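Below is one structure, written out as C-alpha cells, with a few remarks after it.
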Amino acid sequence: MYLALLAASEGAAGAPVSPFEVNGGLIIWTWFVFGVLFLLLKKYAWPAILSVTEQREETIRRHLAEAEQAHDKAQALLAEQQKLLGESRAQAQSILAEAKSASDRERAAAVQKTREEQDQLLARARREIAAEGEKARQELRREAVDLSLAAASKLIGERLGADADKKIVMDHLASLESLN
C-alpha cells in the first residue's frame, strides 16, 4: 500500500517523494485522526473493555477464593483421615494385644488344668498303689497266719479252731508292727 501511495504522489507532482521528507498537511491530518479515534475509543471502547476486564478479574478472584476454600477443606479432610487412620491403627494394636493376652491366659489355664489333672491322676495312682499294697500285706498276713497255724498244728499235733487261731496271730502281728 505504501508503494501505491508513493507511485500516486510521484505521478501527481512528477518528482519522487522521499520517505524522510516532512509533509505538514499529512502530520496535521494524522494528529486529527488520532485525536478523533482516541476520543471515540475513550468514550465507547474503554468502558466496555474495563468492565469486561473487571468482570474477568472478579471471576478469577472468586475462583481463587473457591480454590483456596477447597484446598483448606481438602487439608482438613486429609488431617481428619490421618487422625482416623491413626486411631484405627491404635485400635487394631489394642485388639491384637488383647487377643494375645487372652491367648496367653487360655494357654496358662490349659497348662494349669493339665497339671491339676496330672496331679489328680498321680494322687489316684498313689492311692490305688497304697490300697493294693495294703491289700497285698493283708493277704500276705493271712497266708502267713495260715502257714504259721499249719506249722504250729503240725508241731502241736492237733488243730486249733481256725478263727481263734487267726485272731491270736493277727494280734501278735499288730503288736510287732507297732514296735517297728
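The values are calculated or read from the model by the stated rules, or taken from the named source; none is laboratory data. Just so we're clear, the structure is a prediction, and the values are computed from it rather than from any experiment. All Cβ positions, even for glycine, are placed from backbone atoms using ideal geometry, and neighbour counts span all protein chains on display.
Does Ala144 qualify as being over 30 Å from Val169 (Cα atoms) and either out of contact with any Asp or Glu (no Cβ under 7 Å at 6 or more places or on another chain) or surrounded by 10 or more Cβ atoms within 10 Å (Cβ to Cβ) (or both)?
No.
From the list Lys83, Lys135, exactly one residue is surrounded by 10 or more Cβ atoms within 10 Å (Cβ to Cβ) and within 30 Å of Met170 (Cα to Cα). Which is it?
Unique residue meeting the criteria: Lys135.
Could you check how many residues of region 9-40 are at pLDDT below 65, surrounded by fewer than 10 Cβ atoms within 10 Å (Cβ to Cβ) and part of a helix (DSSP H, G or I)?
Of the residues in region 9-40, 3 are at pLDDT below 65, surrounded by fewer than 10 Cβ atoms within 10 Å (Cβ to Cβ) and part of a helix (DSSP H, G or I).
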